[in-house]
Amino acid sequence: MTNKEERDNHRPSINPVLAHLEAIATGIKWLTRKPMTLMYPDMEEKKPEYFRGFIIFNYNKCIGCSLCAQICPPRAIHMYRVPGDKRIRPGYDAGRCIHCGLCTDICPTDALDVSPVHDEVFEQIGSMDFDPVEWHIISKKLVEEHAKRKRKLVITRVDEEVGLRYEPVE
Amino acid sequence: MIGRELGQRDGYRVVELYIGPQHPASGHMRLVVYLDGDIIVRVDPDIGYVHRTMEKLSEIREYVRVISLIERMTIIDSCNITLPFVEAVEKLLGIEAPPRAKYLRTILCEINRISSHLYGLGIGGIFLNHSTMFMWGFGDREVFVHLASLLTGARLTHTYNIFGGVRRDLPQGFKDEFLKAKRYMLRKLKDYDKMFFNNPVIRGRLENVGVLPKDKAIAYGITGPNLRASGVRYDARLLGYAAYSELDFEPVVGKYGDGLERVWVRLREIEMSLDLIEQALKQLPDGPIFHERYAKMVPPAMKKWFEKGRVKLPGGYVRLRPRKGEIFSRGEMGHGEVTYYLVSDGGMMPYRLRIVTPSARNAIMFSILPPGNTLMDLPAIYGSMDYFPPEADR
Ligand code: SF4
Ligand code: SF4
């Protein structure tokens, strides 16, 4: 931390010519460094543990307690009646979900879980609203597809020189 | 920009100029500027374009659902803005977060503060057409967003503080990542000084521009770095909420109160926050991260998650009923001090939640700083204020 005296004269007067040169030299110094940009569509970041992407649902573990629907802040989860099932089951509107992960925290049976899938594209708004059975199917499909992605997978690390670097994952 | 001639004032022709609501740098607000030649005679900030009725919406949501609502006021600073609310409800519930949770909250708060300052500096840079500062601010912010996503699992809207603790424990390897980030940032801040703070162009644009004297800053209730830049030693963290009472820090206080000083305070506060996180990581106590009253109620099969550093919530958590009462709480955000006034009628939802955000308090600066300066200085003043419209409008 800066101490008190230093703060009192923290704004030394500058020499306009030298300060300009110094700014340009700093710019040139950083020109020669590697950029910290993640080349996204070609590379994909391996997300940290418990990263909160698309919420995946396992129909078979669900006990129909509806706690997830009660806690969901934007009401992205609604309870449905499924023909041939005595209990009510949750359906999911991915368009409303804010990925807070609270539903996965309150689910007493781990029927809900977070997944690293965060960039799935849906063509129509209506196709983002899943009833319980559809949710179970799309969850399975997304997780399987995600595991099979052909993009170069990298892991983000803090780097002392350039801020962030991306290490390939085997 | 739309301008029209307004007529005569003291023998001079006055022009009325509309800037916004879509404007080139950040935010959604409009400034109505009255000009005499090139000199600003009056500015009327027209705010409210992103008003989302946060206070009203929180009255129809259970307490736990309010957390993820109010963090949307300032998503770049979401831990700082939810913490005072969470602490207020905890007081009404009669619980206190375990020490480890308090430290973790502090760590995330400071990470958020750094990213908020870098965001503000970047926006301030692009206001002055200094694109390097814009790129650097936003690039380096990514380092801290990455640290936050390691800790919480989300980049911006963490929903990390919950009543009774936090949702995730410190992940393995976080400390090393942070120390690397600290060394990187301290070195980079020297370059910030060379590239931005001591850059003759920036000096020319910001020095002695938009001077806010100490007495005016106090009289108008300005808050945060803008207040400290005017020489007032006030920082809500000194009240010692979360773990701040156990950490050693001295708020950064400037003295000149001009635009450059506000930038300087932010740059030095980044250093201070880095230091605070290191202290907190060093002193981090062991123990639970969630209050045992709720941890006890979690179904036995789910207890395994606590060992893996992840909190599970009990079923009754949605229907929390804090006792009847009124409570006032405050906290220091990146932009300044946020205050909550919570009235509970003993029900499942707040009866009334009054929120005063720092940007709402700082918006008055648009009226008091620019008059007397030239039109060219207006973006410089705006940029140096770190004003965040969605936060002000709530
Ligand atoms: S992650 Fe949050 S918003 Fe999304 S379904 Fe779960 S509780 Fe609702
Ligand atoms: S909380 Fe879990 S078990 Fe209960 S209804 Fe939702 S998914 Fe099913």
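The values are calculated or read from the model by the stated rules, or taken from the named source; none is laboratory data. Small disclaimer: the values here were computed from a predicted structure and weren't measured. Methodologically, a virtual Cβ is constructed for each residue, glycine included, from the backbone with ideal geometry; neighbour enumeration extends over all protein chains shown. Calculation scope for accessible area: heavy atoms of the full protein, side chains included, ligands and nucleic acids excluded. Shrake-Rupley method; radii C 1.70, N 1.55, O 1.52, S 1.80 Å.
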Qualifying position, being away from ligand 1 (no atom under 14 Å from the Cβ) and within 20 Å of the chain's Cα centre (by Cα), among A:134, A:167: A:167
Among residues of the stretch B:53-76, those that are assigned to a helix (DSSP H, G or I) and away from ligand 2 (no atom under 16 Å from the Cβ), counted: 15
Keeping to the stretch B:203-213, report how many residues are in a helix (DSSP H, G or I) and either more than 9 Å from chain A (Cβ to nearest Cβ) or free of Cβ contacts under 8 Å to residues at least 40 places away in the same chain (or both). 3
Check off (1) closer than 29 Å to residue B:96 by Cβ; (2) more than 10 Å from chain A (Cβ to nearest Cβ); (3) not in a helix (DSSP H, G or I) for residue B:171 and give me the number that stays unchecked. (2)
When you go through (1) closer than 29 Å to residue B:304 by Cα; (2) within 16 Å of ligand 2 (Cβ to nearest atom) one by one for residue A:131, which number turns out not to apply? (1)
Selected residue [among the aliphatic types (A, V, I, L, M) and in a strand (DSSP E or B)] from A:142, A:164: A:164
Among the residues of the stretch B:248-261, is any open to solvent by 10 Å² or more (accessible area, probe 1.4 Å) and in a helix (DSSP H, G or I)? no
Could we say that residue A:96 is within 16 Å of ligand 1 (Cβ to nearest atom), surrounded by fewer than 18 Cβ atoms within 10 Å (Cβ to Cβ) and not aromatic (Phe, Trp, Tyr) here? yes
Go through (1) touching a Pro at 6+ places or on another chain (Cβ under 7 Å); (2) open to solvent by less than 20 Å² (accessible area, probe 1.4 Å) for residue A:82 and report which single condition fails. (2)
Examine the stretch A:126-134 for a residue that is assigned to a loop (DSSP other than H, G, I, E, B), surrounded by fewer than 20 Cβ atoms within 10 Å (Cβ to Cβ) and touching a residue at least 24 places away in the same chain (Cβ under 8 Å), and state whether such a residue exists. yes
Scanning the stretch A:50-94 residue by residue, those touching a residue at least 40 places away in the same chain (Cβ under 8 Å), near ligand 2 (Cβ under 9 Å from one of its atoms) and in contact with a His (Cβ under 8 Å, 6 or more places away or on another chain) turn out to be A:57, A:58, A:59, A:90
Consider residue B:164 carefully, then state whether it is modelled with pLDDT under 90, buried (at least 21 other Cβ atoms within 10 Å of the Cβ) and away from chain A (no Cβ under 12 Å). yes
Given (1) away from chain B (no Cβ under 14 Å); (2) among the polar types (S, T, N, Q); (3) farther than 26 Å from residue A:45 by Cβ; (4) open to solvent by less than 60 Å² (accessible area, probe 1.4 Å), index of the condition residue A:139 fails: (3)
So residue B:139, is it crowded, with 21+ Cβ neighbours inside 10 Å, at the interface with chain A (Cβ under 9 Å from one of its Cβ atoms) and either within 21 Å of residue B:67 (Cβ to Cβ) or among the small types (Gly, Ala, Ser) (or both): no
Is it the case that residue B:147 is under 18 Å from the mean Cα position of the chain (by Cα) and assigned to a helix (DSSP H, G or I)? yes
Please go through the stretch B:35-59 and give me each residue that is in contact with a Gly (Cβ under 9 Å, 6 or more places away or on another chain), within 28 Å of residue B:75 (Cβ to Cβ) and open to solvent by 40 Å² or more (accessible area, probe 1.4 Å), ordered by number. B:46, B:49
Can you pull out every residue in the stretch B:259-286 that is more than 9 Å from chain A (Cβ to nearest Cβ), in contact (Cβ under 8 Å) with a residue 60 or more places away in the chain and more than 18 Å from the chain's Cα centre (by Cα)? B:259, B:278, B:280, B:281, B:283, B:284, B:285, B:286
By my count, helices (runs of 4 or more DSSP H) wholly in the stretch A:1-89 with at least 2 residues that are at the interface with chain B (Cβ under 10 Å from one of its Cβ atoms) and in contact with a Cys (Cβ under 8 Å, 6 or more places away or on another chain) are A:67-71
Answer with yes or no whether residue B:94 is of a type in the set (Gly, Ala, Ser), more than 19 Å from residue B:357 (Cβ to Cβ) and open to solvent by less than 10 Å² (accessible area, probe 1.4 Å). no
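Applying the selection to the stretch A:98-113, what residues are in contact with a strand residue (DSSP E or B) (Cβ under 7 Å, 6 or more places away or on another chain) and either small (Gly, Ala, Ser) or more than 13 Å from ligand 2 (Cβ to nearest atom) (or both)?
Of everything in the stretch A:98-113, those that are in contact with a strand residue (DSSP E or B) (Cβ under 7 Å, 6 or more places away or on another chain) and either small (Gly, Ala, Ser) or more than 13 Å from ligand 2 (Cβ to nearest atom) (or both) turn out to be A:101, A:111.
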Members of the stretch B:191-202 found to be open to solvent by 30 Å² or more (accessible area, probe 1.4 Å) and either in a helix (DSSP H, G or I) or over 17 Å from residue B:265 (Cβ atoms) (or both), listed by number: B:193, B:194, B:201
Residue check, residue A:76 against (1) open to solvent by less than 20 Å² (accessible area, probe 1.4 Å); (2) of a type in the set (A, V, I, L, M, F, W, C); (3) under 30 Å from residue B:137 (Cβ atoms); (4) within 16 Å of ligand 1 (Cβ to nearest atom), all met but one. Which one? (3)
Pull up the stretch A:97-120, narrow it to residues that are more than 13 Å from residue A:53 (Cα to Cα) and part of a loop (DSSP other than H, G, I, E, B), then point me to the one that is farthest from the other protein chains (Cβ to nearest Cβ). A:111
Conditions (1) away from chain A (no Cβ under 13 Å); (2) surrounded by 20 or more Cβ atoms within 10 Å (Cβ to Cβ); (3) closer than 23 Å to residue B:259 by Cβ -> residue B:133 fails only (1)
